[in-house]
1. With respect to R136, determine if the residue is charged (D, E, K, R), touching a strand residue (DSSP E or B) at 6+ places or on another chain (Cβ under 7 Å), farther than 22 Å from I212 by Cα and in contact (Cβ under 8 Å) with a residue 40 or more places away in the chain.
2. Only one of A68, A56 is surrounded by fewer than 16 Cβ atoms within 10 Å (Cβ to Cβ) and modelled with pLDDT of 75 or more. Can you tell me which?
3. Please name all residue pairs, on different chains or six or more residues apart, with Cβ atoms under 7 Å, provided the first residue is in the stretch 178-202 and is farther than 10 Å from I212 by Cα and surrounded by fewer than 17 Cβ atoms within 10 Å (Cβ to Cβ) and the second residue is at pLDDT below 95 and basic (K, R).
4. Any chance the stretch 126-148 includes a residue that's touching an Asp or Glu at 6+ places or on another chain (Cβ under 7 Å) and either crowded, with 22+ Cβ neighbours inside 10 Å or in a loop (DSSP other than H, G, I, E, B) (or both)?
5. The conditions are (1) surrounded by 16 or more Cβ atoms within 10 Å (Cβ to Cβ); (2) on the phi > 0 side of the Ramachandran plot; (3) not hydrophobic (A, V, I, L, M, F, W, C), and G88 fails exactly one of them. Which is it?
6. Sort through L123, L114 and tell me the only one that's over 17 Å from K27 (Cα atoms) and among the hydrophobic types (A, V, I, L, M, F, W, C).
7. G43 - would you say it is at pLDDT below 90 and either of a type in the set (S, T, N, Q) or part of a loop (DSSP other than H, G, I, E, B) (or both)?
Amino acid sequence: MQIDPKRDNKIYCFFRDIHQSGAEQVKISSGWSKGLNILTPEGLETRPTRERVRQAAINMLQPWILEARVLDLFAGSGAVGIELVSRGASGAHFVEKSPAALACLKKNTAEAALRADKQDIHLSPWLVEAADVLSRLKSFQAGSFDLVWADPPYEMVPEFLDSAAVFLPGVIAPEGVFVLESGAESLEVVKPWSASAGLELVKHRNYGATLITIWQKK
């Protein structure tokens, strides 16, 4: 069932209607926030990670989630960061520049925080930042995050990785991990990236048109 959109600075957010052609309702699938409906922007400006892919990837990340400081880049609706915190991460920092996505992201994190309060779950502050990811990467303090997830537009993956090779390794704490969501066709670009970034490739998995790759800082 589709419900009325909520209005925020003349930007509309929707619960995706599972009966619409090609649409998938976005919900948090596990942890203390399980069942939380995730608002997403109207139209196709963002591409929410499909629930099956999100769950599979987060299952692979289980050894690194507990008490992790999460950085969610190209955060979109925030579903990934919220799911990670719901599964035991200590808090999340979301970076997104799209006004439409930011409006929904702020609503989603606020609703998740309310759920945490009602269950007496104490979290580190949620931080939603309106910023360009490539510019923002240059200014994080060293070792600020234990788990970094990036979901850039698929066509932007090569450009993002070029910049990330320089700045991202310093942002990740020792033994922390970096996760990239990209198109399945990007494997030949993604696999050799470890050498330039100085991170160790842990694994990569294909889920239809999506490739999930995990690196660790040793």
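The values are calculated or read from the model by the stated rules, or taken from the named source; none is laboratory data. Fair warning: this is a prediction, and the values are worked out from it, not measured in the lab. Methodologically, a virtual Cβ is constructed for each residue, glycine included, from the backbone with ideal geometry; neighbour enumeration extends over all protein chains shown.
1. Criteria met by R136.
2. Exactly one of A68, A56 is surrounded by fewer than 16 Cβ atoms within 10 Å (Cβ to Cβ) and modelled with pLDDT of 75 or more, namely A56.
3. From the stretch 178-202, the pairs are E200/K218.
4. No, the stretch 126-148 has no match at all.
5. Against the list (1) surrounded by 16 or more Cβ atoms within 10 Å (Cβ to Cβ); (2) on the phi > 0 side of the Ramachandran plot; (3) not hydrophobic (A, V, I, L, M, F, W, C), G88 comes up short only on (1).
6. That would be L123, the only listed residue that is over 17 Å from K27 (Cα atoms) and among the hydrophobic types (A, V, I, L, M, F, W, C).
7. Against the criterion (at pLDDT below 90 and either of a type in the set (S, T, N, Q) or part of a loop (DSSP other than H, G, I, E, B) (or both)), G43 qualifies.
This table checks each residue for (1) touching a Gly at 6+ places or on another chain (Cβ under 6 Å); (2) under 13 Å from D72 (Cβ atoms); (3) of a type in the set (S, T, Y); (4) at pLDDT below 95.
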{"position": "W126", "(1), (2), (3), (4)": "no, yes, no, yes"}
{"position": "L134", "(1), (2), (3), (4)": "no, no, no, yes"}
{"position": "G143", "(1), (2), (3), (4)": "no, no, no, no"}
{"position": "S163", "(1), (2), (3), (4)": "no, no, yes, yes"}
{"position": "G176", "(1), (2), (3), (4)": "no, no, no, no"}
{"position": "S182", "(1), (2), (3), (4)": "no, no, yes, no"}
